[in-house]
Amino acid sequence: MRIPALAVVAISALLLTGCSGGDEPSSPAAQAPTPAVAGGSAVAAEQTEKPTDTALSEDTEAICAQASRTSNDFGKTFAEDYQLLIKAAAESKESKARAQEKVTRDLESFSFALLDMSKLAADPAVKKALGAMGAQVTALKGDVSKINDKKLAELHAVLDKACGRG
């Protein structure tokens, strides 16, 4: 597997900065622990404080922020995985296989997150953008040499536009 260095740098930079707004803090309610309710259950308190999937689906801004964080996190992971693959290729077949398994898992996790957010999104443009990004990552099937920086840039631009950032 050989990926031009320029493509790796471009893809890493794109994934790290492709969806603006990735450093937005999550809401205080999402960070606050669920308090114990005297004479009641913590689950009851959680149900009143934690937004349901239905409520979240109406919150396009929150979904866009989560997509940005997820993309930024994956950009960092991708850069680490690529370096791991290079290092493992110089080692044993077993090391290379373990590295490839990790890369495949990381790509599957990113794809799952994007597709899951697309199912949750009520906004048709955001749903479409996330679905397209998820499908693109799924199509890689763990092979990072198939990553096309131009296509990823186009997908991120669609998501940014859908999220009102482009």
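Quick notes on this structure:
- Test for Met117: is it in contact with a helix residue (DSSP H, G or I) (Cβ under 7 Å, 6 or more places away or on another chain), over 11 Å from Ile63 (Cβ atoms) and of a type in the set (A, V, I, L, M, F, W, C): no
- When Ala122, Ala162 are checked against the criterion of being touching a residue at least 12 places away in the same chain (Cβ under 8 Å), in contact with an Asp or Glu (Cβ under 8 Å, 6 or more places away or on another chain), aliphatic (A, V, I, L, M) and surrounded by 19 or more Cβ atoms within 10 Å (Cβ to Cβ), Ala162 stands alone in meeting it.
- Members of region 125-138 that are surrounded by fewer than 16 Cβ atoms within 10 Å (Cβ to Cβ) and farther than 18 Å from Tyr82 by Cα: Ala125, Lys128, Ala135
- Subset of region 94-116 [open to solvent by 20 Å² or more (accessible area, probe 1.4 Å) and more than 12 Å from Val137 (Cβ to Cβ)]: Glu94, Lys96, Ala97, Arg98, Gln100, Glu101, Lys102, Arg105, Asp116
- Of the numbered criteria (1) open to solvent by less than 30 Å² (accessible area, probe 1.4 Å); (2) without any contact (Cβ under 8 Å) to a residue 12 or more places away in the chain, the one Glu91 fails is (1).
- Taking region 139-151 as the range and being open to solvent by 20 Å² or more (accessible area, probe 1.4 Å) and of a type in the set (A, V, I, L, M) as the test, the residues that pass are Ala139, Ile147.
- Filtered by the rule that a residue be open to solvent by 20 Å² or more (accessible area, probe 1.4 Å), touching a helix residue (DSSP H, G or I) at 6+ places or on another chain (Cβ under 8 Å) and without any contact (Cβ under 8 Å) to a residue 60 or more places away in the chain, region 75-88 gives Thr77, Leu84, Lys87.
The values are calculated or read from the model by the stated rules, or taken from the named source; none is laboratory data. All values derive from a computational prediction rather than experimental measurement. Reconstructed Cβ throughout: ideal geometry from the backbone, glycine too, with neighbour counts over all protein chains shown. To get the accessible areas, we keep the full protein, side chains included, count just its heavy atoms, and leave off ligands, DNA and RNA. Shrake-Rupley method; radii C 1.70, N 1.55, O 1.52, S 1.80 Å.
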